[in-house]
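Each value in this text was obtained by applying a stated rule to the coordinates, not by laboratory testing. Model, not experiment: these values are computed from the prediction. Note that each Cβ is placed from the backbone with ideal geometry, even for glycine, and that neighbours are counted across all protein chains shown.
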Amino acid sequence: MDPVSLASEVFPSVMAAVKKLGAAVLSKGEEAAADASVGFGRRVLQRVFGQRAAEETAPLELVDLASVPDDADLQTVLRVKIRKALEADPHLAADVAAMLKEAAGASGAVTAGDHSPVVSNSRIGGDNIQIGEIGGDASIGRK
């Protein structure tokens, strides 16, 4: 995967980690992330920027974004910084791509072709019926 696509692919998890953990996302502490996306984003940031002791300063781009995580301009700055790091270091890019592949496998993500919506591990409540597996076309309706 090219560095531009790779940076774009990992960025939602990076943002989840920044929003949850702030600039402390690079800390060496063993905080358990509440969800897989936060943990993955944290590992990506630590791999790109290195782990830091709590008293060490994070890169300015990360500190700025942590203070205003919904700022689209600051998000772009961090995404570009990640992309440039991936472009400059093919080994880093390969490591992050492997992390992405591993994370996708661990999450049980399902990949489908174009125009193929997939629902996996869903929960439906109320008056609805959940369908297990279908090997063809299906219609759902009330009698």
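Could you compute the net charge surrounding Ala23? Neighbours are other residues with a C-beta less than 13 Å from the C-beta of Ala23; K and R count +1, D and E count -1. Cβ neighbours under 13 Å give a net charge of 0.
Here the Karplus curve 6.51 cos²θ - 1.76 cosθ + 1.60, taken at θ = phi - 60°, turns the phi angles of the range 52-66 into couplings of 10, 6, 4, 7, 7, 7, 6, x, 4, 4, 6, 4, 4, 5, 4 Hz, with x standing for Gly and Pro. Each other residue within a Cβ distance under 13 Å of Val63 adds +1 if Lys or Arg and -1 if Asp or Glu, for a net charge of -2.
For Ser27, the residues 5 or more places off, or on other chains, whose built amide H falls under 5 Å of its own are Arg52. If eta is 1.567 mPa s and T is 4 °C, what Stokes-Einstein diffusion coefficient results for the range 3-106, Kirkwood Rh from Cα pairs, in µm²/s? For these conditions, the coefficient is 96 µm²/s.
Each Lys or Arg adds one and each Asp or Glu takes one away; over the other residues whose Cβ falls under 15 Å from the Cβ of Pro12, this sums to +3.
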